[in-house]
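Undergrad: Mind having a look at this structure? Questions to follow.
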Ligand code: SAM
Ligand code: SF4
Ligand code: SF4
């Protein structure tokens, strides 16, 4: 890509990753994301016609690829609840410029879909699991589902030849005692485990700074039993800080949005399932791309508009966060914007 074609925001950050939420619904009710008391029977989830169609998603992805996007991550809600996701993946792999397609999932439906997804061109899955203790996990996912369906999902992804990373959100006083058992379990399996600091996304999870176990605290806890050393990022803007066990058995990572923000390299845009563009995970409002797609605009007009939105982007929420004032900002829910 020629330097003059690279789109840059107000802080000179380019655009490299696009996260596409394909659905806002989920089969789990993790309390830090979709608390059951809020996301209940009467919750107004998006309706079919509100969701971007596959044609619309592919068109958006094509426009973004022309602006420099190389990686696409499909997420949600639970993305495997969207019908024929493999078909979407197959089409996205054909978009000029897209080099990598990944998926974030709670893993439950992988035994059913892993093979199909791999065949369609998916390269990587991030599977979420917040505890290896059966009762703890049942409680955390809000649906009483045990760990075995997730372990079966991991097996299915391995069998299909997908690269796997695990994600664990750590909340002090909730599942912090699971950090070591999870680290031991996935070290033994040789699978990368990434610890995510509990974040103040959305407005429903009752976030407070006192619930955050920081990267440093986790690193000390793990390192005391299983020594690790830092490794360089794979590329500029990589979200996780990487470490490898000194015996070489596996890697771990930390997503430290709270204690060690990484806004200065942030090259990610997000599209919600109903086609709103968000230039930050903590945004208070999106830009309505779906209306533009559904009006009679040419690709050139759309592209010009998207470039203008990225040029104006000045988000750096995590670097500016005031932990005492997070509830004053009406942020978008994670299940809607896509993690
Ligand atoms: N349902 C899929 C899953 O759980 O992997 C994909 C969507 S989920 C919103 C994406 C990721 O966001 C998951 O790894 C989840 O644990 C993480 N997440 C959700 N709420 C979070 C919060 N408040 N703080 C940190 N991570 C969060
Ligand atoms: Fe569902 Fe993922 Fe949110 Fe849990 S974190 S409620 S699995 S969308
Ligand atoms: Fe990017 Fe916003 Fe997160 Fe900063 S807070 S790293 S700008 S998504």
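Undergrad: Can you work out D for the stretch 267-339 in µm² s⁻¹ from Stokes-Einstein, where Rh is the Kirkwood radius over C-alpha pairs, the temperature is 20 °C and the viscosity is 1.002 mPa s?
TA: Calculated translational D: 159 µm²/s.
Undergrad: Of 290, 29, how do they rank once you tally other Cβ atoms within 10 Å and put the fewest first?
TA: Ordered by Cβ neighbours within 10 Å, fewest first: 29, 290.
Undergrad: Between residue 25 and residue 249, what length in nm is gained on full extension when 0.36 nm per residue of separation is reduced by their alpha carbon distance?
TA: That works out to 77.0 nm of additional length.
Undergrad: Could you please state, rounded to a whole Å, how far the C-alpha centre of the stretch 115-129 is from the C-alpha centre of the stretch 271-289?
TA: Cα centres, the stretch 115-129 to the stretch 271-289: 25 Å.
Undergrad: May I pose another question? If packing is taken as the average count of other Cβ atoms within 10 Å, what order do 238-244, 35-41 fall into, highest mean first?
TA: Peptide ranking by packing, descending: 238-244, 35-41.
Undergrad: Using only Cα atoms, find the angle between the long axis of helix 54-66 and the longest principal axis of the chain, and express it within 0 to 90 degrees, rounded to the nearest 10.
TA: Its long axis makes an angle of about 90 degrees.
Undergrad: What is the gain in length, in nm to one decimal, between residue 259 and residue 11 on full extension, counting 0.36 nm per residue of separation less the C-alpha to C-alpha distance?
TA: 87.1 nm is the gain from fully extending residue 259 to residue 11.
Undergrad: Got a sec? Which residues in the stretch 251-288 would a label at residue 312 touch, if it sits 7 Å along Cα→Cβ and we count backbone N under 11 Å?
TA: 287-288
Undergrad: What FRET efficiency, computed as 1/(1 + (r/R0)^6) with R0 = 51 Å and r the Cβ-Cβ distance, is obtained for residue 96 and residue 145, rounded to the nearest 0.05?
TA: Efficiency at R0 = 51 Å is approximately 0.80.
Undergrad: How much mean residue ellipticity at 222 nm does the chain get from its helices, if each DSSP H run of length 4 or more adds -39500 (n - 2.57) and you divide by all residues, to the nearest 500 deg cm²/dmol?
TA: -8500 deg cm²/dmol
Undergrad: Roughly speaking, what % of Cα-Cα pairs in the stretch 297-339 are separated by over 14 Å, rounded to a whole number?
TA: For the stretch 297-339, the share of Cα pairs beyond 14 Å comes to 70 percent.
Undergrad: Please pull out the direction-averaged projected area of the chain, using the convex hull of its alpha-carbon atoms, in nm² to one decimal place.
TA: Projected over every direction and averaged, the Cα hull of the chain covers 16.5 nm².
Undergrad: Mind running the shape call on the stretch 124-261? Use the C-alpha gyration tensor, a ≥ b ≥ c as the square roots of the eigenvalues: rounded below 1.5 for a/c, prolate if a/b tops b/c, oblate otherwise.
TA: rounded
Undergrad: May I pose another question? Quickly work out the residue 176-to-residue 209 label distance, labels modelled 7 Å from Cα along the C-beta direction, and quote it in nm with one decimal.
TA: 1.5 nm
Undergrad: Using a Gaussian network model on the chain with a 10 Å cutoff between Cα atoms, which of 231, 289, 326 fluctuates the most?
TA: Per the Cα network of the chain with a 10 Å cutoff, 231 tops the list.
Undergrad: Right, next: Between the stretch 195-215 and the stretch 139-193, what's the alpha-carbon centroid distance in Å?
TA: Centre-to-centre distance over Cα atoms comes out at 19 Å.
Undergrad: Here's something else I'd like to know. Counting alpha carbon pairs within less than 8 Å and at least 6 residues apart, what relative contact order, in whole percent, applies to the chain?
TA: 22 percent
Undergrad: Between residue 163 and residue 119, how many nm apart are label points set 7 Å from Cα along the C-beta direction?
TA: 2.4 nm
Undergrad: Let me ask something else. Any chance you could give the angle, 0 to 90 degrees and rounded to 10, that helix 110-120 forms with the longest Cα principal axis of the chain?
TA: Tilt relative to the chain: about 40 degrees.
Undergrad: Provide 58, 228 in ascending order of the number of other Cβ atoms located within 10 Å of each residue's Cβ, fewest first.
TA: The most exposed by this proxy come first: 58, 228.
Undergrad: Working from Cα positions, state the angle (0 to 90°, nearest 10) between the long axis of helix 215-225 and the longest principal axis of the chain.
TA: So the inclination is approximately 40 degrees.
Undergrad: In nanometres, what is the gap between the two model label sites at residue 47 and residue 4, each 7 Å from Cα along Cα-to-Cβ?
TA: 4.8 nm
Undergrad: A further question on this structure: Between residue 232 and residue 301, what length in nm is gained on full extension when 0.36 nm per residue of separation is reduced by their alpha carbon distance?
TA: 20.9 nm
We did not get these values from a lab; they are worked out from the coordinates using the rules stated. Bear in mind that the values here come from a model prediction, so they are computed numbers and not experimental data. In this analysis, Cβ positions are derived from the backbone assuming ideal geometry, glycine residues included, and neighbour counts consider all displayed protein chains.
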